[in-house]
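Structure first, commentary second.
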Amino acid sequence: MSGAKLGHKFWERKTLDQMTAPEWEALCDGCGKCCLNKLEDEDTGEVALTRIACRLLDDATCRCVHYENRHQFVPDCIVLKPSNLDTHAYWMPQTCAYRLLWEGKPLPDWHPLLSGTSQSVHDAGVSVQNRTLSEFDIPEEDWEEHIIEEPT
Ligand code: SF4
Ligand code: SF4
């Protein structure tokens, strides 16, 4: 989380597109789940989550190791914005704060903005900490063997 000043419970007072850049960034709870590779069924549109993580995800911290310049390494990593949330919400993790607010739901009490610590996400068992395998190690044709349920 950045040290920028955030408005008191800004997520309850502002719409997503009224938030400042630091507020928008602070919504991310650091679960790491959006950095897992997904398999999408072309016919049904169904999305399955795998334990195979993006090459830049740190399995211990659940953070991107090169977040600021990640597009040099992973050009197609999505930059989530209020304007593209409609397009992406369907595949975002169920507990993702962006998705929850987009659905008009409250943040869970383990969210760092409420608990005051990023550790609460791991303690609640909703992050991918120590659960992933790197996409470097598993060939894409084998990803189907690594489909998992989202930890919620
Ligand atoms: S799923 Fe949402 S809350 Fe979790 S790391 Fe990704 S953007 Fe952040
Ligand atoms: S580049 Fe970073 S933010 Fe994007 S999916 Fe990979 S680990 Fe996640």
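Here are a few things to note about the model shown:
- Ranked Leu114, Leu56, Leu36, criterion: other C-beta atoms within 10 Å, fewest first: Leu114, Leu56, Leu36
- For the range 117-152, the residues whose backbone nitrogen is under 18 Å from a point 7 Å from the Cα of His66, taken along Cα to Cβ, are 134-137.
- Converting phi to 3J(HN,Hα) with the Karplus coefficients 6.51, -1.76 and 1.60 and the offset θ = phi - 60°, the range 42-54 yields 4, 7, 9, x, 5, 10, 10, 8, 10, 8, 7, 8, 3 Hz in sequence order, with x at every glycine or proline.
- Extents of the range 20-146, taken as max minus min of Cα coordinates on every principal axis and listed largest first, are 40, 32, 29 Å.
- Loop sites by DSSP among the GluC sites (Glu not before Pro) of the chain, restricted to those with at most 15 other Cβ atoms within 10 angstrom, leave 104-148 as the longest stretch without any of them.
- Trypsin sites (Lys or Arg not before Pro) within the range 28-108: DSSP coil, no more than 16 neighbouring Cβ in 10 Å: Arg55, Arg63
Quick note: the coordinates plus some simple rules give every number you see, no bench work behind them. The model shown is predicted, which means the values in this text are computed figures rather than measured ones. Cβ coordinates were reconstructed from backbone atoms using ideal geometry, including for glycine residues, and neighbour counts include every protein chain displayed.
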